[in-house]
Structures are given as C-alpha cells and as structure tokens.
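> Would you mind keeping the following structure in view while I ask a few things?
Computed from the coordinates by the stated procedures, all read-outs in this text should not be read as laboratory data. Remember, it's a predicted structure, so these values are computed and weren't measured experimentally. Cβ coordinates were reconstructed from backbone atoms using ideal geometry, including for glycine residues, and neighbour counts include every protein chain displayed.
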Amino acid sequence: MAREIYFYNLEAELLRAKLNKADLALMIGISTGAMSSKFTGKTEFTLEEMEKIRTRLELLTEKEFTYDYLFERGE
C-alpha cells in the first residue's frame, strides 16, 4: 500500500484562499486525478506547476510564499 503524502502548508493556504484541490487543478491546467496523484506522492509536482501554484496563491492571498514552505511534505 502506498504511503500518503500530505502538503499541509499548501492545503492550509488553499483553505485561506477558499480553494480546493479541484480548483487548483483547473488553475494550473491538469486533471483532478493528476492533482490527486501529486498529493498522494504517486507523481511529483513539476517546477512549472509549483511556480503557477505559488504565483496564484500569492495573488489571491497577497502573501509571499517559498517553495520550501508550500511543498514541504508531511507523512
């Protein structure tokens, strides 16, 4: 059985921005299934996807984020 990987900081910032994972998938141009695979560790976020996520969250929340913060893994 695959271990689940959570991006706690990313999920917290999505909540603050009033977004869910489906919204995030749409914003960066991937399917909800692909987004689910990224959150469970089956696939990795690409640098391009990480940049799109960071940029959009910064615009929506008017905060600045680092990649290390948003994409820190918790298991």
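> Using modelled backbone amide H atoms (1.01 Å from N, in-plane), which distant-in-sequence or interchain residues come within less than 5 Å of G41's amide H?
I5
> Taking K63 as the anchor, which lysines have their alpha carbon closer than 23 Å to its alpha carbon, excluding any fewer than eight residues away along the same chain?
K18, K21, K52
> 7 Å from Cα along Cα→Cβ at both E62 and Y8: what's the point-to-point distance in nm?
2.8 nm
> Per residue of the chain, what 222 nm ellipticity follows from adding -39500 (n - 2.57) for every DSSP H run with n ≥ 4, rounded to the nearest 500?
-16500 deg cm²/dmol
> Still on this model: Please express the Cα-Cα pair-distance distribution P(r) of the chain as a list of whole percents, one per 10 Å bin, running from 0 to the bin with the greatest distance.
Distribution as computed: 19, 60, 19, 1 percent.
> Cut-off under 19 Å on the C-alpha distance; same-chain residues fewer than 8 positions from K42 excluded. Which aspartates and glutamates are left, in chain and number order?
E4, E11, E72, E75
> Measure off 7 Å from each Cα along the Cα-to-Cβ vector at T55 and E75, then give the distance between these two points in nanometres to one decimal.
Distance between label points: 3.3 nm.
> Output ³J(HN,Hα) for the stretch 64-74: one whole-Hz value per residue in order, computed from phi by the Karplus curve 6.51 cos²θ - 1.76 cosθ + 1.60 with θ = phi - 60°, and x for Gly and Pro.
The phi angles translate into 9, 10, 9, 4, 4, 5, 5, 10, 5, 8, x Hz.
> When the dipole is taken about the Cα centre of the stretch 8-70, and only Lys, Arg (+1) and Asp, Glu (-1) are charged at their Cβ, what size is it in debye, to the nearest 20?
Magnitude of the dipole: close to 240 debye.
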